[in-house]
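K.L.:
Before anything else, here's the structure in question.
The values are calculated or read from the model by the stated rules, or taken from the named source; none is laboratory data. In this text, all values refer to a predicted model and were calculated from it rather than measured experimentally. Heads up, the Cβs are rebuilt from the backbone with ideal geometry, glycines too, and the neighbour counts pull from every protein chain shown.
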Amino acid sequence: MEEDNHEKQLDDGGSSSLFKTCFNALNAFSGIGILSVPYSLARGGWMSLSLLLLLAATAFYTSLLITKCMNADRSVKTYPDIGERAFGRPGRIIVSVFMHLELYLVTTGFLILEGDNLHNLFPGFNIKMIGLRLNGKQSFMASVALVIMPTLWWDNLSVLSYVSMSGVLATVLTLGSISWVGADTSDNMQVEAFIWANKDDPDMYGEWDFEEWKRLHMEKFIEASEKFIEWKKNPDGRSREEFAKFVEEDPPVA
């Protein structure tokens, strides 16, 4: 029965259209970087772009190493698989722990970011409920977690595309607001431009690395797209089985 469901999904061409897939991809690429990249440049100077290039080169080189690992052993599908091939069972456990720890910390960072930003917009907001009192930041972090949590349970890309559409619209609104304010107050702005900041700013390094983290999360989405294209070119061959197995074992979510 499960195999029949996969066959039907493949025959229907997937659960998302090209238009909705573009919204998923655009929302994954854009977002917080629109504000964090200019902020990092303002804090670190133009030479801080070299950090972004260094991170990109490092990611490119490590992706080549990952490709070699996957080509050497076709059973390798995940980072824990690579850790197990390199260091045995302890390697798999260590890699899995760090992967889940990273996801936990990044999610925590998102909640803190949303709580701080919304608190700056509505400083007097707080929640009192059943004897429980939450201040502005705490209430906003709890509210954001409750709003975002249901989207984690959807595995249908067609449904998720509507969530991505709201993210794209928010990005466009942010760009429009910044452009409007910048054009209206550009005559009164005193902008200090410099090549390199003479100080050690951990925020600057963190922002560049955060952007690289988002890019790495697109690798699984791109891998699924490549397998889907291969299946379309050869629907009756091995690529069809590989795509069905990929969707079953590790469904990509943009």
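K.L.:
Is there any pair linking a residue in segment 104-115 that is within 11 Å of Val144 (Cα to Cα) to one that is surrounded by 13 or more Cβ atoms within 10 Å (Cβ to Cβ) and of a type in the set (Lys, Arg), with Cβ under 6 Å and at least six apart or on different chains, and which?
P.N.:
Here the result reads Gly115/Lys137, each pair linking segment 104-115 to a residue that is surrounded by 13 or more Cβ atoms within 10 Å (Cβ to Cβ) and of a type in the set (Lys, Arg).
K.L.:
Is it the case that segment 78-89 has a residue that's within 30 Å of Leu160 (Cα to Cα), out of contact with any Asp or Glu (no Cβ under 8 Å at 6 or more places or on another chain), surrounded by fewer than 12 Cβ atoms within 10 Å (Cβ to Cβ) and of a type in the set (Phe, Trp, Tyr)?
P.N.:
Looking for residues that are within 30 Å of Leu160 (Cα to Cα), out of contact with any Asp or Glu (no Cβ under 8 Å at 6 or more places or on another chain), surrounded by fewer than 12 Cβ atoms within 10 Å (Cβ to Cβ) and of a type in the set (Phe, Trp, Tyr), one finds none in segment 78-89, hence no.
K.L.:
Could you list all residues from segment 36-58 that are surrounded by 15 or more Cβ atoms within 10 Å (Cβ to Cβ) and either free of Cβ contacts under 8 Å to residues at least 12 places away in the same chain or among the aliphatic types (A, V, I, L, M) (or both)?
P.N.:
Of everything in segment 36-58, those that are surrounded by 15 or more Cβ atoms within 10 Å (Cβ to Cβ) and either free of Cβ contacts under 8 Å to residues at least 12 places away in the same chain or among the aliphatic types (A, V, I, L, M) (or both) turn out to be Val37, Leu41, Ala42, Leu51, Leu52, Leu55.
K.L.:
Can you list the helices (runs of 4 or more DSSP H) lying wholly within segment 10-83 that have 1 or more residues being modelled with pLDDT of 75 or more and aliphatic (A, V, I, L, M)? Write out each step before concluding.
P.N.:
Details: elements: 18-29, 33-44, 49-72.
Passing ranges, in order: 33-44, 49-72.
K.L.:
When you look at Val163, is it out of contact with any His (no Cβ under 7 Å at 6 or more places or on another chain), surrounded by 13 or more Cβ atoms within 10 Å (Cβ to Cβ) and in a helix (DSSP H, G or I), yes or no?
P.N.:
On the way: out of contact with any His (no Cβ under 7 Å at 6 or more places or on another chain): yes; surrounded by 13 or more Cβ atoms within 10 Å (Cβ to Cβ): yes; in a helix (DSSP H, G or I): yes.
Answer is yes for this residue.
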